Amino acid sequence: MAKITLDNLAHSYLPNPASEDDYALKELNHDWTDGEAYALLGASGCGKSTLLNIISGLLQPSQGRILFNDKDVTQAPTTERNIAQVFQFPVVYDTMTVHDNLAFPLRNRGDSADYIRQRVQQIATMIGMESELNRKARGLTADAKQKISLGRGMVREDVNALLFDEPLTVIDPHMKWELRTQLKSLHHEFGHTMIYVTHDQTEALTFADKVVVMYDGRVVQIGTPQQLFETPEHTFVGYFIGSPGMNVLPAEISGTTARIGDHTLELTTGYGPLTGKTEIGIRPEFVTLTSGPGLEIRIKRVEDVGRHKIVRAELQGRAFNIIAGEGEEISADMTRVRFETKAINVYQNDWRVTGDAA
Ligand code: ADP
Ligand code: MG
């Protein structure tokens, strides 16, 4: 197992990148702690696979270094990196049995027949394929083939890291939950460094200790699910995470107040002069509908989602969401909202700024 260090890493698919826009992966410095389970979360096209393939060695970065336990492996081929990688679509040997597919990485390393039999059995149980070990992979469903791919990724105990690139895409929803649970228990048992790529926040938040959020080729925040919820460092994190995501409103920040239209909000701390685009972010969970004083909204519809209600509204012409309690009455005179002051984040050019001490 290994700590993985990314040192001034960046990648462009173009031969002569000129500006930052030409980079699929913008410059990045980061340590992946040995033994930690990470999710790499972001929308399609933001650079997740690029980053993963650089770590595994399938792709040579155009800039920077990768270190495993402080040893430079930037030029090392995949085989030397001792990494298991599982892709979005199944990679199996059709002519081999399920057993032999699972045994393949172990045979390659010359493990003993006894060990291989026992380990393959264990992995087959984890992926729910014990009864199909002697079948040829050919003719199995895509779902079953992907389970084999996952099993092959997990079969070796001595890898430096396990990389998963949206591995559950072709798996049916029920089995998804089951396999994710298996991956988690595998992590608890062996303590591998794991990086799990997904565009699905639920998957990311349930799998990982730490979530690495990417946006447009950049890592915008690394944090626990709670940190991503309470203090999104970038407005993208705010609205990508949460259902619905954080509300972001243009605001004029001055000292300890935020001005939105003709309404003034008090903030918990003071802010120095901010330049460029200034906004506040407030999650729907921390907004209350009221008939008293507050910011004016127009309710468009109310969705009852069981545990609570989502109120879809408009504030100064922009979509604005509120989460109200399940039993909460929403009356016609509730045309304003109040924000929980402590839950307001302030953004300058999309990045969160912390205030001075109040
Ligand atoms: P993700 O995995 O987050 O969906 P990718 O890492 O696959 O994103 O892609 C990041 C960006 O790099 C995208 O704009 C994509 O079009 C581009 N890209 C990916 N692979 C290649 C490639 N082989 N050649 C050129 N551009 C690529
Ligand atoms: Mg991808």
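Of everything in segment 231-270 that's more than 28 Å from Val212 (Cβ to Cβ) and among the acidic types (Asp, Glu), which residue is surrounded by the most Cβ atoms within 10 Å (Cβ to Cβ)?
Within segment 231-270, the match that is surrounded by the most Cβ atoms within 10 Å (Cβ to Cβ) is Glu252.
Among the residues of segment 317-326, is there at least one that is in contact with a Gly (Cβ under 9 Å, 6 or more places away or on another chain) and aromatic (Phe, Trp, Tyr)?
Taking segment 317-326 first, the residues in contact with a Gly (Cβ under 9 Å, 6 or more places away or on another chain) are 321, 326.
Then drop every residue that is not aromatic (Phe, Trp, Tyr), which leaves none.
No, there is no match, as no residue in segment 317-326 is in contact with a Gly (Cβ under 9 Å, 6 or more places away or on another chain) and aromatic (Phe, Trp, Tyr).
Report yes if some residue within segment 80-90 is outside any strand (DSSP E or B), within 19 Å of the chain's Cα centre (by Cα) and within 12 Å of ligand 1 (Cβ to nearest atom); otherwise report no.
yes
Quick one: which of Thr95, Thr79, Thr74 is surrounded by fewer than 17 Cβ atoms within 10 Å (Cβ to Cβ), at pLDDT below 95 and out of contact with any helix residue (DSSP H, G or I) (no Cβ under 8 Å at 6 or more places or on another chain)?
Working: Thr95 fails: at pLDDT below 95; Thr74 fails: at pLDDT below 95.
Criteria check complete, one pass: Thr79.
I'd like to verify a number: residues in segment 336-356 that are out of contact with any helix residue (DSSP H, G or I) (no Cβ under 6 Å at 6 or more places or on another chain), at pLDDT 95 or above and open to solvent by 40 Å² or more (accessible area, probe 1.4 Å), how many?
Residues flagged as out of contact with any helix residue (DSSP H, G or I) (no Cβ under 6 Å at 6 or more places or on another chain), at pLDDT 95 or above and open to solvent by 40 Å² or more (accessible area, probe 1.4 Å) within segment 336-356 amount to 8.
Answer yes if at least one residue in segment 118-130 is touching a residue at least 40 places away in the same chain (Cβ under 8 Å), within 16 Å of ligand 2 (Cβ to nearest atom), outside any helix (DSSP H, G or I) and closer than 18 Å to Leu150 by Cα, and no otherwise. Full working, then the answer.
First, the residues of segment 118-130 that are touching a residue at least 40 places away in the same chain (Cβ under 8 Å): 126-128.
Pick out the ones that are also within 16 Å of ligand 2 (Cβ to nearest atom) and you get none.
No: segment 118-130 contains no residue that is touching a residue at least 40 places away in the same chain (Cβ under 8 Å), within 16 Å of ligand 2 (Cβ to nearest atom), outside any helix (DSSP H, G or I) and closer than 18 Å to Leu150 by Cα.
With respect to the numbered conditions (1) open to solvent by 40 Å² or more (accessible area, probe 1.4 Å); (2) β-branched (Val, Ile, Thr); (3) not in a loop (DSSP other than H, G, I, E, B), which one is the sole condition not fulfilled by Ile330?
Status for Ile330: all satisfied but (3).
Before we move on, is Thr169 assigned to a helix (DSSP H, G or I), open to solvent by 10 Å² or more (accessible area, probe 1.4 Å) and either polar (S, T, N, Q) or within 16 Å of ligand 1 (Cβ to nearest atom) (or both)? Explain how you work it out, then say what you get.
On the way: assigned to a helix (DSSP H, G or I): no; open to solvent by 10 Å² or more (accessible area, probe 1.4 Å): yes; either polar (S, T, N, Q) or within 16 Å of ligand 1 (Cβ to nearest atom) (or both): yes.
So Thr169 does not fit the description; no.
Step by step: first the residues of segment 8-42, then only those that are open to solvent by 40 Å² or more (accessible area, probe 1.4 Å) and under 29 Å from Gly191 (Cα atoms), then the one that is nearest to ligand 2 (Cβ to nearest atom). Which residue is that?
Glu27
Which members of segment 185-221 meet the condition of being aromatic (Phe, Trp, Tyr) and more than 14 Å from Thr50 (Cα to Cα)?
Residues of segment 185-221 that are aromatic (Phe, Trp, Tyr), as a first pass: 190, 196, 207, 215.
Correct list: Phe190, Phe207.
What number of residues in segment 132-144 are at pLDDT below 95 and outside any loop (DSSP other than H, G, I, E, B)?
3
Return the residue satisfying two criteria in turn: it lies in segment 49-71 and is closer than 21 Å to Met154 by Cβ and open to solvent by 10 Å² or more (accessible area, probe 1.4 Å), and of such residues it is nearest to ligand 2 (Cβ to nearest atom).
Among residues in segment 49-71 that are closer than 21 Å to Met154 by Cβ and open to solvent by 10 Å² or more (accessible area, probe 1.4 Å), the one nearest to ligand 2 (Cβ to nearest atom) is Ser49.
Filter segment 175-230 for residues that are within 16 Å of ligand 2 (Cβ to nearest atom) and at positive phi; which is least open to solvent (accessible area, probe 1.4 Å)?
If we take residues in segment 175-230 being within 16 Å of ligand 2 (Cβ to nearest atom) and at positive phi, then Gly217 is least open to solvent (accessible area, probe 1.4 Å).
Can you tell which of Arg283, Arg338, Arg301, Arg318 is basic (Lys, Arg) and under 23 Å from Leu205 (Cβ atoms)?
Numbers: Arg338 fails: under 23 Å from Leu205 (Cβ atoms); Arg301 fails: under 23 Å from Leu205 (Cβ atoms); Arg318 fails: under 23 Å from Leu205 (Cβ atoms).
Sole residue among the options that is basic (Lys, Arg) and under 23 Å from Leu205 (Cβ atoms): Arg283.
Looking at Lys309, is it modelled with pLDDT of 95 or more, part of a strand (DSSP E or B) and open to solvent by 60 Å² or more (accessible area, probe 1.4 Å)?
Details: modelled with pLDDT of 95 or more: yes; part of a strand (DSSP E or B): yes; open to solvent by 60 Å² or more (accessible area, probe 1.4 Å): no.
No, not satisfied.
Go through segment 219-231 and give me each residue that's more than 13 Å from the chain's Cα centre (by Cα) and under 22 Å from Val311 (Cα atoms).
Scanning segment 219-231 gives a single hit, Glu230.
The values are calculated or read from the model by the stated rules, or taken from the named source; none is laboratory data. Predicted, not measured: the structure shown is a model, and the values here were computed from it. Ideal geometry is used to build each Cβ from the backbone, glycine not excepted, and the neighbour counts take in all protein chains shown. Protein only, heavy atoms only, side chains kept; ligands, DNA and RNA dropped before computing areas. Shrake-Rupley method; radii C 1.70, N 1.55, O 1.52, S 1.80 Å.
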